[in-house]
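Report on one structure; see the data block that follows.
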Amino acid sequence: MRMRLVPRGRTSVLAEVGVLTAAVAVSAMVGALVFAAAGAPPLASLGVLVTEPFGSAFGLSETLLKAVPLGFCALAVAAALKVNLWNIGAEGQFCMGALGATWAALYGPVVPGPMRIGFALLCGASMGALWALVPGVLRTWGRVSEILSTLLLNYVAIAWIEMLVYGPWKGEDRFPYTAFIDAGFWLPPLFRRVHAGLLLLVGIAVLLAWIERRTVIGYEVRVVGASPALARTAGLPVAARLLAVLAVAGALGGLAGACEILGVQHRLHAQIAFGYGYTAIIVAFLARRDLLASVGVAVLFAALAVGGDGLPVADPALSPAIVKVFQGVLLLAVLSGSTLVRYRIVLERATPLSTREGA
Amino acid sequence: MTPLEMSTVIAATAVSSGTPILLAGLGELVAERSGILNLGVEGMMLVGALAGFATAHATGSALAGAAAATGAGALFALVHAWPTVRLGVDQVVSGLALVILGAGIASAFGRPLVGQVAASFHPVPVPVLSRVPVVGPVFFDHDPIVYLGLLLIPAVAWFVARTRSGLALQVCGEAPRFADVAGLPVERLRIRATCFGGALAGLGGAWLSLADTPSWVDQMTAGRGWIAVAMVVFSGWSPGRLALGAWLFGGLVAVQFRIQAFGVHADVYLLKMLPYVCTLAVLVLAARGRWRLKLGAPAALGRPYRREGPE
């Protein structure tokens, strides 16, 4: 017997929903197996992943709190995907954004009160944009794969922050943290710990989606993404558009870091990025590279992360990292499943071509 | 220390520290030669490092650990190989999923092993050869996994260029349709090549947890899997040049750890950035300038092969 993929005539919405449901079910089953292997009750532990983020006002606010950095990072990945570039560097852009915002608050020029937060956000976004322009230039001028360059720069960014928080930027106490930033730079709270960064995220996502769909620049970017060759023939400056999109992507990653400093942590340390940049890749892909959908999926994945944080509380044998296994399986399952929406599998006996039907 | 002694120590550390990049890179090179791009090297290394350490911890045998790491890497590579080869799933996304999945598995299951000890590999000097000045300490005074890496450089080069199976592999990566017409089982060969890549990545990871710093530390590969992928690009898919890239990385690690011992003051964190920055520089060199590659990537790299449909 051998397996053959035959393209389906058309794909149905029902099949896509079915695939998504099946993928979640498969991930839940693998999750249950992992829980059982770790010696925890599988169903109760899966339940924790749902009740922890949605079961209480605290859980809900924590979910929205984590959705801000994850949402910005997912936008950073999705924006670059508009021109078919893989931004694996949201983690590093996050770090640079956090660095820029911290610099503005601790060492920057004196800025009049109401403009302080805006200035710090701007510094964070600019640092993120500059950080993403490096792979952009390496790609357009040096023909270096942006997948590798964006990723390698993550490690450089983290080492840079370490250099600062262990060295010149070290705060008063003996830990590798900077001093706390002045309260005048804090993003105003909305409810509980959730801060105004959430509004900024939604506002920027809507703005970018509008630019993509309704403006000339957005149209040009879509043409470059669909076919660089066509764009070049039409006289569009392809390299310049690629660089611009990467700069925007980097700025979004930078805003994630800046919001984390100004809204939550209030001081810089080396573990600031916390893997949001990597989870964001899954989020952007599951959102089908759509900007608005990325924010929605980011909320779901933030919920998953909150659930993960609840795991060791529910059972000390469990690690929050199990959530990552869950995410990886989900991505692979959706990926394989979406192939099955477009093709059907035919099992056939290996026969000579001449005896096959219709041959 | 004389400058000669100093450079000998650095070169010897470079050869051993380059081992995980060399092993994982050779594996990735074989997989890419068959047409499969597997970005999941980092994940496979982490799974190998954990499987190796856990097995050595449980059995008390470093050799059993290395074997388990190799097997675990190969099995884990199937998670990438099967969907990409049989279903034609996007290889970039699948590879990224493998990294996240591998990191998650290693970090979730490795937690109880933090701070534990396990059997480890020790240097076994090669008789006679290890006493040759300079060359001896640089190449012939290491642990067995390093020797295996060194032996695999000519072995893989010979296999790919000079054997029937190696040529079959190359055809699958350059022109899968021709391979199919010639009666070669394209899908099976690609799956095997990817699993071979996973096996070597797993072993490379195990070198870290069983020989380099015998212990389990979360995320202990620190991007080496990605550097291996980058070095394959730099190598122009040639094992000899890949070894150069791996030793360059090893040299930077060696400098990072030895420079302070030589009384030179340099910022630790700047040194930490060096391998990643140099890898980027090397990628630019491979794309431009005098070091530019004469031959590019395998023509069908990253493209799924289907009998029906456009080439």
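Each row is one residue, and each column tells you yes or no for (1) of a type in the set (Phe, Trp, Tyr); (2) modelled with pLDDT under 90; (3) more than 18 Å from the chain's Cα centre (by Cα); (4) under 26 Å from residue A:150 (Cβ atoms).
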| position | (1), (2), (3), (4) |
| --- | --- |
| B:98 | no, no, no, yes |
| B:105 | no, no, yes, yes |
| B:114 | no, yes, yes, no |
| B:118 | no, yes, yes, no |
| B:130 | no, yes, yes, no |
| B:134 | no, yes, yes, no |
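Looking across the range A:181-213, the residues that are surrounded by 15 or more Cβ atoms within 10 Å (Cβ to Cβ) and within 21 Å of residue A:111 (Cβ to Cβ) come down to A:181, A:185, A:186, A:187, A:195, A:196, A:197, A:200.
The set of residues in the range A:42-75 that are in contact with an Asp or Glu (Cβ under 7 Å, 6 or more places away or on another chain) and small (Gly, Ala, Ser) comprises A:45, A:59.
Within the range A:309-316, can one find any residue that is more than 8 Å from chain B (Cβ to nearest Cβ), surrounded by 24 or more Cβ atoms within 10 Å (Cβ to Cβ), in a helix (DSSP H, G or I) and touching a Leu at 6+ places or on another chain (Cβ under 7 Å)? Among the residues of the range A:309-316, at least one is more than 8 Å from chain B (Cβ to nearest Cβ), surrounded by 24 or more Cβ atoms within 10 Å (Cβ to Cβ), in a helix (DSSP H, G or I) and touching a Leu at 6+ places or on another chain (Cβ under 7 Å), which makes the answer yes. Does the range A:6-23 contain at least one residue that is assigned to a strand (DSSP E or B) and within 14 Å of another protein chain (Cβ to nearest Cβ)? Yes - at least one qualifying residue is present in the range A:6-23. Of the residues making up the range A:324-332, at least one is at the interface with chain B (Cβ under 9 Å from one of its Cβ atoms), assigned to a helix (DSSP H, G or I), closer than 30 Å to residue B:88 by Cβ and of a type in the set (Val, Ile, Thr).
What is the residue count in the range B:143-177 for residues that are of a type in the set (Val, Ile, Thr), without any contact (Cβ under 8 Å) to a residue 40 or more places away in the chain and either surrounded by 14 or more Cβ atoms within 10 Å (Cβ to Cβ) or part of a helix (DSSP H, G or I) (or both)? Total meeting the criteria: 1.
Between A:97, A:128, A:71, A:89, the distinction of being surrounded by 21 or more Cβ atoms within 10 Å (Cβ to Cβ), closer than 25 Å to residue A:172 by Cα and modelled with pLDDT of 90 or more belongs to A:97 only. In the condition set (1) facing another protein chain (nearest Cβ under 8 Å); (2) of a type outside the set (A, V, I, L, M, F, W, C); (3) touching a residue at least 60 places away in the same chain (Cβ under 8 Å), residue B:83 is compliant with all but (3).
In this entry, residue B:121 is excluded by the filter for residues that are in contact with a helix residue (DSSP H, G or I) (Cβ under 9 Å, 6 or more places away or on another chain) and facing chain A (nearest Cβ under 9 Å).
Look through the range B:280-293, keep the residues that are more than 23 Å from the chain's Cα centre (by Cα) and modelled with pLDDT under 75, and return whichever of them is nearest to the other protein chains (Cβ to nearest Cβ). Within the range B:280-293, the match that is nearest to the other protein chains (Cβ to nearest Cβ) is B:289.
I'd like to check something: does the range A:149-167 contain any residue that is hydroxyl-bearing (Ser, Thr, Tyr) and farther than 29 Å from residue B:284 by Cβ? Yes, some residue in the range A:149-167 is hydroxyl-bearing (Ser, Thr, Tyr) and farther than 29 Å from residue B:284 by Cβ.
Scanning the range B:239-274 for residues that are among the aromatic types (Phe, Trp, Tyr) and out of contact with any Asp or Glu (no Cβ under 6 Å at 6 or more places or on another chain), we see that the one that is farthest from residue B:224 (Cα to Cα) is B:262.
Taking the condition small (Gly, Ala, Ser), under 25 Å from residue B:53 (Cα atoms) and outside any helix (DSSP H, G or I), does residue B:107 pass? Criteria not met by residue B:107. With respect to the conditions (1) away from chain A (no Cβ under 14 Å); (2) of a type in the set (Asp, Glu); (3) assigned to a helix (DSSP H, G or I), residue B:180 lacks only one, and its number is (1). Annotation note: of B:73, B:102, B:52, the sole residue that is surrounded by 24 or more Cβ atoms within 10 Å (Cβ to Cβ), in a helix (DSSP H, G or I), more than 14 Å from chain A (Cβ to nearest Cβ) and in contact with a Leu (Cβ under 6 Å, 6 or more places away or on another chain) is B:52.
Scanning the range B:208-257 for residues that are basic (Lys, Arg) and away from chain A (no Cβ under 14 Å) yields a total of 1.
The values are calculated or read from the model by the stated rules, or taken from the named source; none is laboratory data. Note that this is a predicted model, so its numbers are computed, not measured. Cβ: placed from backbone, ideal geometry, glycine included. Neighbour counts: every protein chain shown.
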